[in-house]
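Engineer: Here it is: the structure, laid out below.
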Amino acid sequence: MTEGYDYDVLVIGAGPGGYACAIRAAQLGLKTACVDARDTLGGTCLNVGCIPSKALLHATHLFEAARGGHMACFGIRTGDVHIDLEKLMEKKNETVSSFAKGIDFLFRKNGVTRLEGQASFVASDIIEVGGKNVRAKSAVIATGSSPSSLPGIQIENGRGMIVDSTGALSLTRIPNHLLVVGGGVIGLELGSVWRRLGARVTVIEYTDQILPGMDCDVRSVMAKLLAKQGMNIVVSSSVTGVEINGQKVSVAVKDPSGIKTIEVDTVLVATGRRSNTAGLGLEHVCIDIDDRGSVTVDTQGRTSASNIYAIGDVTRGMMLAHRAEDEGIAVAERLAGRPGIVNHALIPNVVYTDPEVAAVGKTELELLNHGIPFKKSHFPMLANSRAKANAATDGFVKLLAHAETGVVLGAHMVGEVAGTMVAQITQAMEFGATAQDVAYTCHAHPTHSEAIKEAALALDGAAIHY
């Protein structure tokens, strides 16, 4: 440890980026502490984000498979199926608690000091934590993000009537009618949870299609599939007002034809997230904040204060746990004198609906806008043997490759396990693979990933099964 300092590295925030950064820094011999205001580790992702939502998604998938006929098509007779909401929430909480204890164990195993309390900069190398000053040679801001709301809408998670993503994970009753404001990843995932549990779900999306920013084919196919499942998706519309009237919520919705009022039981506001920078004392260390409230960093993750870094949701970029984790590890390695590399062009994005959506690299629109010559292929999961055997054939794999070199530039897929499938093509793209490289790599049969091989073959008109 550097003389005169309490720690070589102080990480502020114990989410995926923060705890990964702290563990890696300690592994590399740096005396490391990690501070978080929560009494449990794991940040938003573990406590009120990725993990609890996936527990609910998985459980409701099972419920719908048993109740909705998917199991019956294989001769599995279940009879009358009910959901015990209280037990479901208990299981979700057990999962979260288990993971949090696991991170605490990893801190102790790797020698990371855990500090609890609100952290605030006094100087670039002095951070106040719970009323006590701590000196650190370097600091890493990993405070993540929080749900954002709309002007004039007051989130009241405790009442379960106007909630954000945190509140939607802990509702104590199944709404008769849930209105979701925002047709992005969070809104569609949580909306699908409550739809499977029996709620009528209406999604209000401001743009002309759900899943803004994703590839055009993904957006159109998912809109049809979710509508077929029972979601009422209203696009090119906005919520202009919300008012609680007794046990109901009146929602004013503006669409191209005018303003109408919808009465629902619960409103889920899923209009994005904002970086957590309040209370950090950034004004004391002259750290720049951009026009969206995010900490400004260079390509190495360094802020305008040379010994302070920032990673994950608190900076500009895709608000994804795996991006934060990779950045945290990279910063730790840089602080230990190693290169520390993150390829921000190849960060996969997954939507855990049913079917799942996964994407990496460029979209077709991005290639068109940048004038990059490309060729594309489209292989339906209906022609994939494993998907057919599982009776889950919705979806496709779409590959985009450079028209001249054949290098894969983007991959977009909808399918039962698309979130797992995307890892293969991401790794191939990391090594600059061509479509031919992917096509002539042997894929096990029968697997969903054969659809990627077939899509790669299809780029040269050589698909075998379609």
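The values are calculated or read from the model by the stated rules, or taken from the named source; none is laboratory data. Computed from a predicted structure; not experimentally measured. Ideal geometry is used to build each Cβ from the backbone, glycine not excepted, and the neighbour counts take in all protein chains shown. Heads up: the accessible areas ignore ligands, DNA and RNA and are worked out on the full protein's heavy atoms, side chains in. Shrake-Rupley method; radii C 1.70, N 1.55, O 1.52, S 1.80 Å.
Engineer: Picking from 364, 454, which residue would you name as being under 22 Å from residue 216 (Cβ atoms) and open to solvent by less than 20 Å² (accessible area, probe 1.4 Å)?
Structural biologist: Working: 364 fails: open to solvent by less than 20 Å² (accessible area, probe 1.4 Å).
On inspection, the qualifying residue turns out to be 454.
Engineer: Return the only residue of 123, 100 being under 29 Å from the mean Cα position of the chain (by Cα) and over 13 Å from residue 6 (Cβ atoms). Break it down into steps so the answer makes sense when it comes.
Structural biologist: On the way: 123 fails: under 29 Å from the mean Cα position of the chain (by Cα).
Result of the check over 123, 100: 100.
Engineer: Touching a Cys at 6+ places or on another chain (Cβ under 7 Å), farther than 17 Å from residue 52 by Cα and open to solvent by less than 20 Å² (accessible area, probe 1.4 Å): does that describe residue 142? Reasoning before the result, please.
Structural biologist: On the way: touching a Cys at 6+ places or on another chain (Cβ under 7 Å): yes; farther than 17 Å from residue 52 by Cα: yes; open to solvent by less than 20 Å² (accessible area, probe 1.4 Å): yes.
Considered against the rule, which asks whether it is touching a Cys at 6+ places or on another chain (Cβ under 7 Å), farther than 17 Å from residue 52 by Cα and open to solvent by less than 20 Å² (accessible area, probe 1.4 Å), residue 142 comes out as yes.
Engineer: Within segment 288-298, which residues are open to solvent by 30 Å² or more (accessible area, probe 1.4 Å) and hydrophobic (A, V, I, L, M, F, W, C)?
Structural biologist: Those that are open to solvent by 30 Å² or more (accessible area, probe 1.4 Å) and hydrophobic (A, V, I, L, M, F, W, C): 289, 297.
Engineer: Can you pull out the residues in segment 281-308 that are of a type in the set (A, V, I, L, M, F, W, C) and more than 17 Å from residue 323 (Cβ to Cβ)?
Structural biologist: Start the filter on segment 281-308 by keeping residues that are of a type in the set (A, V, I, L, M, F, W, C), which leaves 282, 285-287, 289, 295, 297, 305, 308.
Hits for segment 281-308 are 282, 285, 286, 287, 289, 305, 308.
Engineer: Report, by residue number, each residue of segment 343-364 that is over 23 Å from residue 382 (Cα atoms) and among the aliphatic types (A, V, I, L, M).
Structural biologist: Residues satisfying the conditions are 345, 346, 347.
Engineer: Taking the stated definitions as given, is residue 201 more than 22 Å from residue 356 (Cβ to Cβ), crowded, with 22+ Cβ neighbours inside 10 Å and among the aliphatic types (A, V, I, L, M)? Show your work before the answer.
Structural biologist: Values: more than 22 Å from residue 356 (Cβ to Cβ): no; crowded, with 22+ Cβ neighbours inside 10 Å: yes; among the aliphatic types (A, V, I, L, M): yes.
No.
Engineer: Quick check on residue 144: is it under 17 Å from the mean Cα position of the chain (by Cα) and closer than 20 Å to residue 252 by Cβ? Before you say what the answer is, go through the steps one by one.
Structural biologist: Values: under 17 Å from the mean Cα position of the chain (by Cα): yes; closer than 20 Å to residue 252 by Cβ: no.
In short, no.
Engineer: Please specify each residue of segment 104-127 satisfying the condition of being in a helix (DSSP H, G or I) and in contact (Cβ under 8 Å) with a residue 60 or more places away in the chain. Write out each step before concluding.
Structural biologist: Pass one, segment 104-127, residues in a helix (DSSP H, G or I): 104-110.
Within segment 104-127, 104, 106, 107, 110 qualify.
Engineer: List the pairs whose first member sits in segment 297-309 and is at negative phi, whose second member is among the basic types (Lys, Arg), and whose Cβ atoms are under 6 Å apart, counting only residues at least 6 apart or on separate chains?
Structural biologist: Note: pairs meeting the criteria are 309/302.
Engineer: Could you identify the single residue in 191, 182 that is at positive phi and of a type outside the set (S, T, N, Q)? Walk me through it before giving the result.
Structural biologist: Numbers: 191 fails: at positive phi.
Result: 182 is the single residue among 191, 182 that is at positive phi and of a type outside the set (S, T, N, Q).
Engineer: Sticking with this one: Inside segment 9-78, counting only helices (runs of 4 or more DSSP H) that do not spill past its ends, which hold 3 or more residues that are touching a helix residue (DSSP H, G or I) at 6+ places or on another chain (Cβ under 8 Å) and closer than 30 Å to residue 128 by Cβ? Don't jump to the end; show me each part of the working.
Structural biologist: Details: elements: 16-27, 43-48, 50-68.
Filter on segment 9-78 gives 16-27, 43-48.
Engineer: When you look at residue 282, is it among the aliphatic types (A, V, I, L, M), touching a residue at least 60 places away in the same chain (Cβ under 8 Å) and within 30 Å of residue 123 (Cα to Cα), yes or no? Let's see the steps before the verdict.
Structural biologist: On the way: among the aliphatic types (A, V, I, L, M): yes; touching a residue at least 60 places away in the same chain (Cβ under 8 Å): yes; within 30 Å of residue 123 (Cα to Cα): yes.
In short, yes.
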